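Engineer: The structure under discussion is supplied below as structure tokens; questions concerning it will follow.
Values in this text are rule-based calculations from the coordinates and carry no lab data. Just so we're clear, the structure is a prediction, and the values are computed from it rather than from any experiment. Cβ placement follows ideal geometry from the backbone for every residue including glycine, while neighbour counts extend to all protein chains displayed.
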Amino acid sequence: MTPAAPGVTPLHVAIIMDGNGRWARRRGLPRTRGHEEGAESIAAALRVCREAGIRYLTLYAFSVENWSRPSSEVRTLMSLLARFLRAKKQVLHRHRTRLRAIGRLDDLPARVRRELDRAIAETAHYADRQLILALSYGGRAELADAARRIARRVAAGELQPDDVTEAVVAAHLYAPDVPDPDLMIRTSGELRLSNFLLWQLSYAELYFAPVLWPDFREAEFRAALADYACRRRRFGGIG
Ligand code: IPE
Ligand code: IPE
Ligand code: MG
């Protein structure tokens with residue numbers, strides 16, 4: 001693995017993979033084809049992460065709000081997800097990447113959950129890189145889930161209300177050991193967060209790419225990294 005150059009290469013990149021439907025519509029194809037083509041961009045992103053030395057990649061694959069899409073689209077997305085997890089496992093092995101998932105995973109259909117748990121277990125030993133899939137994920141849901149778990153600990157007398165610091169909140173998020181993203185990329189030209197990692201993105205650099213997710217391949221990802229390398233992060237200080 002190429003070692004990450006501190007400050008120039010992000011340790012953690014988070015991506016809102018948006019625009020699959022528009023990609024398909026522009027070609028007169030069903031939305032499903034856009035989602036399928038988008039899966040290829042995931043393999044491309046993993047390649048770039050390996051080459052650049054990016055250790056954590058979080059991908060927004062399905063939001064809590066996406067359950068409100070027509071049931072046929074939700075069903076298709078869930079089958080594609082199960083298929084992706086089965087078929088693309090070799091990509092995770094090839095890139096020696098550990099798979100994880102964040103979100104309300106209990107909401108996923110049993111077959112998706114099974115494939116997910118299997119891929120997570122099979123790749124648990126890889127220590128260099130992690131791919132974190134946000135599935136049935138919402139930033140507000142994550143904070144509400146954390147608040148509920150903290151409240152239970154306070155009620156049980158394990159914590160005092162005054163002990164609830166930022167560090168305690170952070171420790172109750174879905175993947176507390178993962179460092180905050182340095183760079184957040186959204187494709188498809190939309191300029192919003194859509195409830196993605198609301199806590200963790202507080203100091204991330206934001207990059208909005210006009211291209212649709214199925215067209216976001218190596219060159220586009222590298223352009224985002226080159227842009228990031230020129231940013232000056234100040235974290236509230238003087239810089
Ligand atoms: C992103 O593409 C994939 C998911 C949200 C699951 P979209 O399906 O949102 O595609 P557009 O935004 O409608 O083009
Ligand atoms: C955000 O995309 C969620 C994912 C990429 C999984 P959406 O397409 O759902 O977001 P909105 O509806 O345009 O905000
Ligand atoms: Mg969209």
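Engineer: Under 10 Å, Cα contacts only: if you run a Gaussian network model on the chain, which one of HIS35, HIS93, HIS12 comes out with the highest mean-square fluctuation?
Structural biologist: Of HIS35, HIS93, HIS12, the Gaussian network model singles out HIS93 as fluctuating most.
Engineer: Next question. Normalising by the residue count of the chain, find the relative contact order in percent from Cα pairs under 8 Å and 6+ residues apart.
Structural biologist: On the way: 375 pairs, mean separation 68.0, N = 239.
In percent, rounded to a whole number, it is 28.
Engineer: Hydropathy at least 1.6 by Kyte-Doolittle, axial extent at least 27 angstrom from the Cα trace: which helices of the chain, defined as entire DSSP H runs, fit? Walk me through the numbers on the way to the answer.
Structural biologist: Numbers: long enough: 31-52 (32 Å, -0.61).
The answer is none, since no helix passes both cut-offs.
Engineer: Suppose the chain between VAL91 and ALA43 were pulled fully straight at 0.36 nm per residue; how much longer would it get relative to their current alpha carbon spacing? It would help to have the intermediate numbers written out before the result.
Structural biologist: Values: separation 48, 0.36 × 48 = 17.28 nm, distance 0.68 nm.
Separation in residues times 0.36 nm, less the Cα-Cα distance, equals 16.6 nm.
Engineer: A further question on this structure: Can you give the FRET efficiency to the nearest 0.05 for LEU105 and ARG232, using r as the Cβ-Cβ distance and R₀ = 30 Å?
Structural biologist: Values: r = 38 Å, r/R0 = 1.25.
It comes to 0.20.
Engineer: Shifting gears a bit: So, R0 is 25 Å and r is the distance between the beta-carbons of ALA127 and VAL164; what FRET efficiency does that work out to, to 0.05? Could you put the intermediate results ahead of the total?
Structural biologist: Numbers: r = 32 Å, r/R0 = 1.28.
Taking R0 as 25 Å, the efficiency between ALA127 and VAL164 is 0.20.
Engineer: For the chain, what ratio Rg/Rh do Cα atoms give with a Kirkwood hydrodynamic radius? Numbers along the way, then the final one.
Structural biologist: Numbers: Rg = 18.1 Å, Rh = 18.7 Å.
When Rh is taken as the Kirkwood radius, the ratio is 0.97.
Engineer: I would also like to ask the following. When Lys and Arg each count +1 and Asp and Glu each count -1, what net charge do the other residues less than 11 Å away from LYS88, Cβ to Cβ, add up to? Before the final figure, lay out each step's value.
Structural biologist: Details: positive: ARG83, ARG86, LYS89, ARG94; negative: GLU40, GLU115.
In short, +2.
Engineer: Also, I was wondering about something else. I'd like the per residue volume of the convex hull spanned by the Cα atoms of the stretch 87-186, given in cubic angstrom.
Structural biologist: Details: hull volume 14.4 nm³, N = 100.
Enclosed volume per residue, from the Cα hull, is 144 Å³.
Engineer: Could you tell me what % of all Cα pairs in the stretch 18-101 have separations over 17 Å?
Structural biologist: Every Cα pair in the stretch 18-101 considered, those over 17 Å come to 52 percent.
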